[in-house]
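Laboratory data are not the source of any read-out in this text; all were calculated from the coordinates shown. Here the structure is a predicted model, which means the values were calculated and not measured. Cβ placement follows ideal geometry from the backbone for every residue including glycine, while neighbour counts extend to all protein chains displayed.
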């Protein structure tokens, strides 16, 4: 990042996601599970996909995932990423089932370094005092 | 579920009687988005032999119909600002049919206008969306990043080299069509396979020449009853089938990155129309990216999953080929102001009327126009017939 780079884009936590972002600040990935069926869901909602109207509970995820797909960004889609290119964006499949977006870190951004299906583990990247992002790196 | 028998009864009961772009498209620094809406509206009504005073239904996306109607000075009795990405304007055709046949209006005007290159006040993102929490902070921002990840998944499932070759074929073929359309941004700029493969990376696996243009442009469509179409300047292009829907918003929530909602809208529109794939003479397929065409053709049922690369091989979709796709030059090489879907219909209507000069297809009786919006999120499909 150059010193003049615009501030990083931060999420705006919503009431149903406060626990998710608090967990990330503490270096933990928390996801929701339907109390009746045991099905996990991502992203956090005040609504169960498995049992509409049903109850949800928060669970600390294993942090294990596999690479579902990725891209390597060469043109910054927002000025705040100008210092980060090239960087790897990905959709990962959590061991618990749901998919989520993340960056793949700790790997040179070369397609030869990435294989669909490769095992990953969660790591955490602090982007501000308020927000830490769950990311993934080869397990 | 949609009631296909009731939809079949609507087939051919409404028609497109006017289409047009705004006065200038491409790089137009002196026109606002609303100016493009207004110019296109007047031009499309002229095309139909109608005037603003005939319009009683208004549809638009990206803007509220409140703003567009006020700018135009009209007071619509049916209003629809459904905005689900670049497919919206194709979806509006389904809404126009429903509104007209139910009696809510008789002349529906669909307008579009964007200053993609020169907008003095581009829309700010809604910071309350899930996307703002779970994608944007990762630099997953804008269509290229999302569509590239979908294309990479397709490559994994169906082969990287043949996917690459298919994307190159689509890029080069589309440019050839643009070279026959004087309104196209790349009208006077040919592109070769080498140009494709040597163009810079935008988001791997997308080269620059996998990606659509960013232009200033507007377009409009006028829809009315088949009966009233007989009195319009150029008659009517019958709307035989129309379908819409969506299955996610963010790319990371897409159920299957290689299968968009066109799997449903294609079948529904064709069933409603009573038309089969082999009847179609022109395929206007929203090409935000080369991959969008590849996956859309499969989803619409022109071939099976993973067979798209064979379908578009050897420049079959190019001028002179036996499977013409995107004869205007598409979003890749003609124009793409941000939400391009309406332009697929503009070109389909012109081809069905035999108005496209050098690039006119010999026999164009039936066309499909297929819009994709958001992040492969929404689709709208229409089947149109020559007057």
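Restricting the calculation to Cα atoms, the protein assembly as shown shows an Rg/Rh of 0.98 when the hydrodynamic-style radius is the Kirkwood one.
Among A:81, A:70, A:124, the largest mean-square fluctuation in a Gaussian network model of chain A, built with springs joining Cα atoms closer than 10 Å, belongs to A:81. Between B:236, B:73, B:85, the GNM of chain B built on Cα springs shorter than 10 angstrom shows B:73 fluctuating the most.
Taking other Cβ atoms within 10 Å as a rough exposure proxy, B:127, B:208, A:133 sort from fewest to most as B:127, B:208, A:133. If you wrap region A:48-93 in the convex hull of its Cα atoms and look at it from every side, the mean projected area works out to 5.6 nm².
Here the scattering of region B:111-255 is modelled by Debye summation over its C-alpha atoms, one equal scatterer each and no solvent; at q = 0.21 Å⁻¹ the log10 of I(q)/I(0) is -1.31. Other protein chain C-beta atoms within 10 Å of residue C-beta, averaged over A:89-100: 4. For region A:15-138, the normalised intensity computed at q = 0.18 Å⁻¹ comes to -0.99 (log10 of I(q)/I(0), Debye sum over alpha carbons, equal scatterers, no solvent).
The long axis of helix B:262-273 is offset from the longest Cα principal axis of chain B by roughly 40 degrees. Cα-Cα pairs above 23 Å in region B:236-356: how many percent? Result for the distance tail: 30 percent. Listed by Cβ neighbour count within 10 Å, with the fewest neighbours leading, B:156, A:68, B:197 appear as B:197, B:156, A:68. Working note: Debye formula, equal point scatterers on the alpha-carbon atoms of region B:1-158, no solvent; log10 I(q)/I(0) at q = 0.20 Å⁻¹ is -1.24.
The helix-based estimate of mean residue ellipticity at 222 nm for chain B, built from -39,500 (n - 2.57) per DSSP H run of four or more residues and divided by its residue count, is -10500 deg cm²/dmol to the nearest 500. Dividing the summed -39500 (n - 2.57) terms of all DSSP H runs of n ≥ 4 by the residue count of chain A sets its mean residue ellipticity at 222 nm at -1500 deg cm²/dmol. Counting neighbouring Cβ atoms within 10 Å and putting the fewest first, the residues B:155, B:272 line up as B:155, B:272.
Here the spin labels are modelled as points 7 Å beyond Cα on the Cα-Cβ line, and at residue B:256 and residue B:52 they lie 4.8 nm apart.
The mean sequence separation of alpha-carbon pairs under 8 Å and at least six residues apart, normalised by the residue count of region A:15-138, gives a relative contact order of 23 percent. Antiparallel beta bridges, as assigned by DSSP with both residues in region A:15-138, represent about 95 percent of the total such bridges. Restricting the calculation to Cα atoms, chain B shows an Rg/Rh of 0.94 when the hydrodynamic-style radius is the Kirkwood one.
Summary value for region B:216-315: 22 percent relative contact order, contacts being C-alpha pairs under 8 angstrom separated by 6+ residues. What does a probe at residue B:119 reach in region B:331-375, counting residues whose amide N is under 16 Å from the point 7 Å along Cα→Cβ? So the set is B:336-342, B:373-375.
Once the Cβ-Cβ distance between residue A:35 and residue A:137 is put in as r, and R0 is 25 Å, what FRET efficiency do you end up with, to the nearest 0.05? Plugging the Cβ-Cβ distance into 1/(1 + (r/R0)^6) gives 0.20. Could you tell me the center-to-center distance, by alpha carbons, between region B:93-131 and region B:1-56 in angstrom? Their Cα centres are 12 Å away from one another. Largest GNM mean-square fluctuation across B:360, B:133, B:101, computed for chain B with C-alpha springs under 10 Å, falls on B:133. Note: relative contact order over region B:263-371, using C-alpha pairs below 8 Å and six or more positions apart, is 35 percent.
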